[in-house]
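The values are calculated or read from the model by the stated rules, or taken from the named source; none is laboratory data. Values in this document were obtained by computation on a predicted structure and should not be read as measured data. Cβ coordinates were reconstructed from backbone atoms using ideal geometry, including for glycine residues, and neighbour counts include every protein chain displayed.
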Amino acid sequence: MADYNPSTERNLSSPEYEGRAISEKDALDIFSLRSRATCGDNPEHQFAAGRSAVVCEMFSVDAKLVRDIWTRKAYGEITQPFWTEREKLLAACDQYRTTGGKPPQDNNQAAQASSP
């Protein structure tokens, strides 16, 4: 399981997942179950790792939400500190594709470009 700080706990929901609110801890736990290498030594977690149908039953969520957490399409801001180097590279490639090959601008650059 990923390191968890209960002082930052918040419920997260998204209408595309039928409004099911999950906690930050649940999002991190689901993310950790994406493979046997990341799930820890718990035999139940080893069995569930990589199986979205099993993981969705464990957390009472939709299997699509589980898969989207694993592929960083949902709750990426929560799971990002726990991404592997490969996942960081994949996210950068996705970002590159969605911006049409242009590097993303931060707000300071955009403000400077628009000022006289």
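Cβ separations smaller than 6 Å between residues 6+ apart or across chains give the following pairs from region 55-78 residues that are touching a residue at least 40 places away in the same chain (Cβ under 8 Å) and aromatic (F, W, Y) to residues that are part of a helix (DSSP H, G or I) and surrounded by 20 or more Cβ atoms within 10 Å (Cβ to Cβ): Y75/A27; Y75/I69.
Given the criteria at pLDDT below 85 and over 17 Å from the mean Cα position of the chain (by Cα), does Q46 qualify?
The answer is no for Q46.
Just one of the listed residues (V66, V55, V61) is modelled with pLDDT of 90 or more, surrounded by 12 or more Cβ atoms within 10 Å (Cβ to Cβ) and in a loop (DSSP other than H, G, I, E, B), namely V61.
Consider region 74-102 and keep the residues that are touching a helix residue (DSSP H, G or I) at 6+ places or on another chain (Cβ under 8 Å), of a type outside the set (S, T, Y) and not in a helix (DSSP H, G or I). The one that is farthest from A27 (Cα to Cα) is W83. Residues in region 22-43 that are in a helix (DSSP H, G or I) and over 14 Å from the mean Cα position of the chain (by Cα): P43 alone.
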